[in-house]
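Okay, so here's the structure we're looking at.
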Amino acid sequence: MFWYLLRRLILVIPTLIGVAIAVFFLIRVMPGDVVVVKLRADGAAVSEETIEAERKRLGLDKPLYQQFADYMIGLPRLDLGKSLWTGEPVTKEIALRAPVSFQIAIMAGVIAILIAIPLGTLSALYRDSWIDHGIRVVAVSGLAIPSFWLGMLIILGLLSLFNWLPKIGYVPLWEDPITNLSVTIWPAASVGYRYAAVATRMMRSSLLEVMREDYIRTARAKGVWTRLIMRRHALRNAMLPVVTVIGLEFAFLIGGLVVTEQVFNINGIGKLFVDATARGDFNLIQGLVLFIATCFILINLAVDLLYGWLDPRIRLN
Amino acid sequence: MKRTVLGMAAAATLALAMGSGLAFAQTPKKGGTLNFSVVAEPPNYDCHGSTTFALIHPIAPHYSLLVKFDGKDYPKVVPDLAESWSVAPDGMSYTFKLRRGVKFHDGSPLTSEDIKASYDRIISPPQGVVSIRKAYYSDLDVSAPDPATVVFKLKNPMAGVLEALASPYNCIYSAAKLKQNPRYPETEILGSGPFTFVEHVKGTSWSGKRFDDYYDKGKPYLDGYKAFFVKSNGVVPGIIGGQFDAEFRGRNPQEKAQLLDKMKDNLSVFEGTWVNNLMLVFNTTRKPFDDVRVRQALSMAIDRWGGSEALSKISILKFVGGVMRPGYAMSLPEAELVKLPGYAKDINKSRDAAKKLLEQAGVKDLKFKLLNRNIAEPYTPAAIYAVDQWRRVGVTTEHEQLETKLYQDRVAAGDFDVAIEFQADFMDDPTAQFSKFLTKKLSPSGYSGHTDSKIDEMYEKQRRTIDVAERTKLVREMERYALTQAYNVPLLWWQRIIVINKKIHGWYMTPSHYLWQDLSTVWLDPQ
């Protein structure tokens, strides 16, 4: 187990280097100049001389290979450079936004698990009954309704019913749990619904497949209670693909709450990503891609480790 | 149309003035925190290197200026740090006497050295410092003969000196701090304005609290303020939901209607002209836009008066005007404007003339691309309207909307046929307003690429003419010439609509969203 973990962690390094190289060069194909966007934002007649001076100050006048070398030298020291827009270190910009994105992703994950496992199980158990049909309608609706639209409905609902909206800004959970939850619960619910829909469908199909297995039939033939069969044999085996889906969706949510964060005025990673791309802030985009890639890799690793726990037949070596 | 658009503008301004007057007649109450939203966030804190309201709205309350525009009586310039001033008889030097006892937020005294250091930073920025408007002030030489006096000497005659010095971007910084680090204003706030800096939560909010040693005793009235950075579509729900009480840039008519529908009795509405317009830029380096007849024909095909009526209901586009804002003292009167190509009120006659001009120019079945930003308000309705208007004279247009940075690249590189560009500045002064109408030689935003030096000469001449009546004559002459040559033609001017909670008093709307945002006169009446 230890060696497996170590090997996987070592493999993270070349993966991230590959991502870093690809992002560095791909991003520079993107048209647009951050300095022009910054200095001519409100249509001001800014001279070319001023624009050139600012480009020079930001190091954008250096040859590409030199910019690349500076970037790669900084990586081992976790120095991702400075945002071309704010001048602040990229790591600081990301660290400021990561907690809220993580919290919303975790809350959405919890909501998804709490909904998906019971609903998916019920749906599989009562296959083709009105319960199954009802749950499938709920699940398909969750897939069909975009999270941001659901978010807008939530906002409109809060406004129409209570003339109230949650406070703007993020307060850590341990500082003020009520304010924190009043801010984060709505975006978590709006993305959690879709998340739950994906997991419910996966839970249902996976459980149906497991229920067709010989060992389940044998248990039934022996007269074991259905509830016991589900708990002891079916659920655990059916969880493998569900865990994969939950893990991947979670990683996606870290940087993928782009529109939902905007709808709820949440200052998270998704919003930062959109802003950085719109401004052409190369350094920040590179940092964000690396950060999200790291999250994906680590969450995948965690999912792989969970496999071993769920199914002892899987050997992690 | 019985009432002219200008008439409506005047009525709106009057209503505004009356509204403001009523608010002012009440006794201001002390206390409370003003919460407002800003629909963008500044990249850094340096006024001298900025061009955006996103900096002005949260940061202006921290700084004093030498002089400022009067919010109650725009475009009058009133003292801020300056107590009084005198102008040399030849108009070549301005001497300002400063208030005594003004302090920076750290308690250090503000003297003429700080004014000089700040203006020196604008005019001749040290290496690494961005000064956006240095060319604008290049004719000024600043000296500080004693701690309470600042003298601005002009190398050449320059009109509108006071207005230029009232720029909301000319924040006064500490000379001592600048000496240590000329770039400190990018990351630190040390001003002498009515509010001290409390906190900037990136991507979320900016807050300030009352500066008890503010030079204007008794002000500010507020305990503090908090600016929330939100996306534009979050403003209306935010006001209704009580997250904040105002947004000071401007909303569109539908948003005004939504707010009034929900909170009719709790809102104050301010409406008037805005020192912003959308214009069509013809790329004169491309055929057939090098032909004045084609440019004029394309301008004449557009029914601005009808457009004003239709578009003002769905967008912030409203007022018909030339290069200068309609209603501004130096702008062409409507009677003269209607004689110029593109401004006639009889659109059928105008379109017939447009078709003839295209025929004379030998242009048949004209097809071109209209380059635009992918920002809905007001760019999309403006372009759709223009495309439809051109269709009526047999011109086919493809509307190409790009992300702002891609749009800017294309326009700056001259890679377009016709583009929709906007003009926005903090004041009406012609020297600022004509910047996009000049040749590239004189202005970096002379995007039409024309090489007509006559317009540059006229520009320089008005810029050097101090006598207001004479300057007005020159400006109008230049406006007539610019609109006739039609390198760029204004489409419509914007309407500024501000909807704020009724509890906010002492805020005055000017035609510019960059002005009167130091919040020193604002107070709250919760009742």
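Okay, here's what the table says:
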quantity: Hey, B:LEU317 over 25 Å from B:MET478 (Cβ atoms), crowded, with 19+ Cβ neighbours inside 10 Å and either in contact with a Gly (Cβ under 9 Å, 6 or more places away or on another chain) or modelled with pLDDT under 95 (or both) or not; calculated: no
quantity: Subset of segment B:253-276 that is of a type in the set (A, V, I, L, M) and in a helix (DSSP H, G or I) - its residue that is least open to solvent (accessible area, probe 1.4 Å); calculated: B:LEU259
quantity: Members of segment A:157-173 found to be free of Cβ contacts under 8 Å to residues at least 24 places away in the same chain, more than 22 Å from B:ALA227 (Cβ to Cβ) and more than 8 Å from chain B (Cβ to nearest Cβ), listed by number; calculated: A:GLY157, A:SER160, A:LEU161, A:PHE162
quantity: Residue within segment B:290-301 that is part of a helix (DSSP H, G or I), of a type in the set (Gly, Ala, Ser) and within 30 Å of B:LEU406 (Cα to Cα) present; calculated: yes
quantity: Segment A:115-131, subset free of Cβ contacts under 8 Å to residues at least 60 places away in the same chain and not small (Gly, Ala, Ser), residue least open to solvent (accessible area, probe 1.4 Å); calculated: A:ILE131
quantity: Scope segment B:103-138; condition open to solvent by 10 Å² or more (accessible area, probe 1.4 Å), of a type outside the set (A, V, I, L, M, F, W, C) and in a loop (DSSP other than H, G, I, E, B); matching residues; calculated: B:HIS105, B:ASP106, B:GLY107, B:SER108, B:THR111, B:SER124, B:PRO125, B:PRO126, B:GLN127, B:GLY128, B:ARG133, B:SER138
quantity: Pairs with Cβ under 6 Å, 6+ apart, first in segment A:37-61 and over 17 Å from B:LYS441 (Cβ atoms), second among the hydroxyl-bearing types (Ser, Thr, Tyr) and open to solvent by less than 40 Å² (accessible area, probe 1.4 Å); calculated: A:ALA41/B:THR51; A:ALA41/B:THR52; A:ASP42/B:THR51; A:ASP42/B:THR52; A:ALA44/B:THR51
quantity: Count - residues of segment B:439-476 that are in a loop (DSSP other than H, G, I, E, B), of a type in the set (A, V, I, L, M) and modelled with pLDDT of 95 or more; calculated: 0
quantity: Filtered residue count, segment B:197-206, keeping only those that are within 13 Å of chain A (Cβ to nearest Cβ), open to solvent by 10 Å² or more (accessible area, probe 1.4 Å) and either of a type in the set (A, V, I, L, M, F, W, C) or touching a Ser or Thr at 6+ places or on another chain (Cβ under 7 Å) (or both); calculated: 2
quantity: Residue that is surrounded by the fewest Cβ atoms within 10 Å (Cβ to Cβ), among those in segment B:422-431 that are within 26 Å of B:ALA386 (Cα to Cα) and at pLDDT below 95; calculated: B:PHE422
quantity: Condition check for B:VAL281: in contact with a strand residue (DSSP E or B) (Cβ under 8 Å, 6 or more places away or on another chain) and open to solvent by 50 Å² or more (accessible area, probe 1.4 Å); calculated: no
quantity: Flag if B:ASP216 is touching a Gly at 6+ places or on another chain (Cβ under 8 Å) and open to solvent by 30 Å² or more (accessible area, probe 1.4 Å); calculated: no
quantity: Flag if A:VAL183 is within 14 Å of chain B (Cβ to nearest Cβ), open to solvent by less than 70 Å² (accessible area, probe 1.4 Å), among the β-branched types (Val, Ile, Thr) and within 19 Å of the chain's Cα centre (by Cα); calculated: yes
quantity: Boolean, B:ALA148 is over 27 Å from the mean Cα position of the chain (by Cα), at pLDDT 95 or above and either within 14 Å of chain A (Cβ to nearest Cβ) or farther than 21 Å from A:GLU49 by Cβ (or both); calculated: yes
quantity: Checklist (1) modelled with pLDDT of 90 or more; (2) assigned to a helix (DSSP H, G or I) applied to A:ARG232, failing item; calculated: (1)
quantity: Tally of residues being open to solvent by less than 50 Å² (accessible area, probe 1.4 Å) and either within 10 Å of another protein chain (Cβ to nearest Cβ) or among the hydrophobic types (A, V, I, L, M, F, W, C) (or both) across segment B:219-252; calculated: 17
quantity: Qualifying positions in segment B:322-361 - of a type in the set (Gly, Ala, Ser) and touching an Asp or Glu at 6+ places or on another chain (Cβ under 7 Å); calculated: B:GLY322, B:ALA361
quantity: Test: residue in segment B:86-102 that is polar (S, T, N, Q), without any contact (Cβ under 8 Å) to a residue 12 or more places away in the chain, more than 15 Å from B:SER192 (Cα to Cα) and not in a loop (DSSP other than H, G, I, E, B); calculated: yes
quantity: First in segment B:389-408 and more than 29 Å from B:ALA361 (Cα to Cα), second anywhere and buried (at least 18 other Cβ atoms within 10 Å of the Cβ) and β-branched (Val, Ile, Thr), Cβ under 6 Å, 6 or more apart; calculated: B:LYS405/A:VAL37; B:GLN408/A:VAL36
quantity: Residue tally, condition in a loop (DSSP other than H, G, I, E, B), touching a residue at least 12 places away in the same chain (Cβ under 8 Å) and surrounded by fewer than 17 Cβ atoms within 10 Å (Cβ to Cβ), over segment B:148-196; calculated: 6
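Okay, residues lined up against (1) in contact with a helix residue (DSSP H, G or I) (Cβ under 6 Å, 6 or more places away or on another chain); (2) of a type in the set (A, V, I, L, M, F, W, C); (3) modelled with pLDDT of 95 or more:
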residue: A:PRO76; (1), (2), (3): no, no, no
residue: A:GLY81; (1), (2), (3): yes, no, no
residue: A:GLY87; (1), (2), (3): no, no, no
residue: A:ILE145; (1), (2), (3): no, yes, no
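The values are calculated or read from the model by the stated rules, or taken from the named source; none is laboratory data. Every value quoted in this text rests on a predicted model; they were computed, and no experiment measured them. Glycine gets a Cβ as well: all are built from the backbone with ideal geometry, and neighbour counts include every protein chain shown. Please note that ligands, DNA and RNA were not included when accessible areas were found on the heavy atoms of the full protein model with its side chains. Shrake-Rupley method; radii C 1.70, N 1.55, O 1.52, S 1.80 Å.
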